[in-house]
Amino acid sequence: MMITKKALPRRTVLRGMGVTLALPLLDAMVPALTATTKTAANPARRLNVTYVPNGMAMEYWSPATEGAYELTPILKPLAPVKDQMLVISGLKALWPPAHAGASTSFLTCAAGTAGETAPRAGISMDQVVAREYAKQTQLGSLEMAIEARANAGQCSGGHSCVYSNTISWRSRTTPLPMENNPRAVFERMFGDTGSTDPVVRRARTLRDRSVLDSVSEKAADLQRAVGSSDRLKIDEYLEAVRDAERRIQRTEEQSGVEIPLVEQPEGIPGTFEEHVELMFDLQLLAYRTDLTRVISFMMGREVSSRTYPEIGVVDAHHPLSHHEYDPERIALMSKINVYHMTMFADYVEKLRATPDGDGSLFDHMVMLYGCGMSDSNSHSTVNCPVVVLGGGSGQLKGGQHLKYPEDTPLANLMYTLIDKLGVPVEQFGNSTEKLPIDTLSGV
């Protein structure tokens, strides 16, 4: 690290549009040692990922037959959209058996290392799509959760809690925080204006643009006064500023879009079900107003010990997931899985009821629901429970259970979906090939 005689303030913060932009740690900060939506004919495509924790009661999840199939108890809440749903079996996540990595590997298809001081994974598939879709929206993506993050340390199997805190990674070394407070999500979407009132938001936009202009000028001046390594860091910072400027421009371009008048939530609701419903409603609002086209959502963290007395399950979720193959405990585990799916199915129905172009939001979405662990008792990453649903703007054809050879990389599915969302890539994670088009019924 180069040491200069200049000691800058550690943090320079810009607040606007519900985000915080802060200068990175520069060498010069170390004290000196001396001294818009498409047309109806071509509707925008959207991605939604919902993750559930602690594995699945596979006996209540897996259809008995391939191809045409009967809905299992956990899948029954999705009966109204069976024809637009693919149940996929045989996919393996790339991760040593442990709760902590199941969530991270789900979308990154990368494996971390126990005990490391700087967690590493890979860019997640939602962020691959977000990089492209962000060119058309104010927000590249939204990352949401129900449970709060673990602050530090190891969560399970010697792995950092970072791995179980998120399913979204911007890069190999940059996990994205998942926000569980609806008030903070609202602020990210609409700023701290308190509502979606267009007059208030317009005034905020003008103020933010003025602040951004000032910050850009100061950062440019600073860039000329520091060393080469610091200039690279400031370049990255200015890229974040430019991203905020792009969002402001998109806000101004969409000023004529009708947005429902919604007041800012006060905070986290008192019950789990109310919390989940509110977070899904915020997602619906984000898609409806085209603020973003990519959302990832964790309905719980791995190793979650939440209890569900409202459905008659007083056992903590994580201990229950280690059921030792006791049929009664597996049945209790399945009640939690059905409960999660029922709330997700309610959200799907709202998407189906929301017009978009020549169909509904659901018709123009690719939705992914599942987790990075199947048999939770053994922490198995084989045969991950996964459902793909939605119309995908004509890219998806459902009504089937597709069973692939054991140990087929989960990355093959992610690779295929990224491509079908219109973001071609040469490879993703440990993918070996795209899942055959004729087998995946048009996906």
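Coordinate-derived values only; no laboratory data. Small disclaimer: the values here were computed from a predicted structure and weren't measured. Because the Cβ atoms are built from the backbone with ideal geometry, glycine has one as well, and the counts that use them run over all protein chains shown.
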Inset, instruction - Assign one of three labels to the range 331-406, namely rounded, prolate or oblate, based on the Cα gyration tensor with a ≥ b ≥ c the square roots of its eigenvalues; rounded applies when a/c is under 1.5, prolate when it is not and a/b is larger than b/c, and oblate otherwise. - result: oblate
Inset, instruction - Return the distance in nm (one decimal) between the two label points of a simple spin-label model at residue 83 and residue 42, each offset 7 Å from Cα along Cα→Cβ. - result: 2.9
Legend entry - Burial ranking of peptide ranges 297-304, 87-94, 350-357, 397-404 (average Cβ count within 10 Å, highest at the top): 297-304, 87-94, 397-404, 350-357
Inset, instruction - Answer rounded, prolate or oblate for the range 279-329, using the Cα gyration tensor with square roots of eigenvalues a ≥ b ≥ c: rounded when a/c is under 1.5, else prolate when a/b is larger than b/c, else oblate. - result: prolate
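Convert 20 °C to kelvin, take the viscosity as 1.002 mPa s, use the Kirkwood radius over C-alpha pairs of the range 291-440 as Rh, and evaluate the Stokes-Einstein diffusion coefficient in µm²/s, rounded to a whole number. Spell out each step's value before the answer.
On the way: Rh = 17.5 Å.
Estimated diffusion coefficient is 122 µm²/s.
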Inset, instruction - Along Cα→Cβ, 7 Å out, is where each label goes; now give me the distance between the ones at residue 324 and residue 432 in nm to one decimal. - result: 3.7
Legend entry - Residues in the range 351-378 that a label on residue 425 would reach, taking backbone N under 16 Å of a point 7 Å out along Cα→Cβ: 368
Inset, instruction - Output ³J(HN,Hα) for the range 400-406: one whole-Hz value per residue in order, computed from phi by the Karplus curve 6.51 cos²θ - 1.76 cosθ + 1.60 with θ = phi - 60°, and x for Gly and Pro. - result: 9, 9, 9, 10, 9, x, 3
Legend entry - Expected-Rg normalisation [2.2 N^0.38 Å, Cα atoms] applied to the range 277-362: 1.38
Inset, instruction - Using the structure shown, select from 335/403; 335/434; 92/335 the pairs with a Cα to Cα distance greater than 32 angstrom. - result: 335/434
Legend entry - Amide proton proximity set for residue 145, modelled H, under 5 Å, gap of 5+: 179, 180, 298
Inset, instruction - Set the Förster distance to 22 Å, then compute FRET efficiency between residue 171 and residue 148 from the Cβ-Cβ distance, nearest 0.05. - result: 0.40
Legend entry - 371, 161 arranged by Cβ crowding within 10 Å, fewest neighbours leading: 161, 371
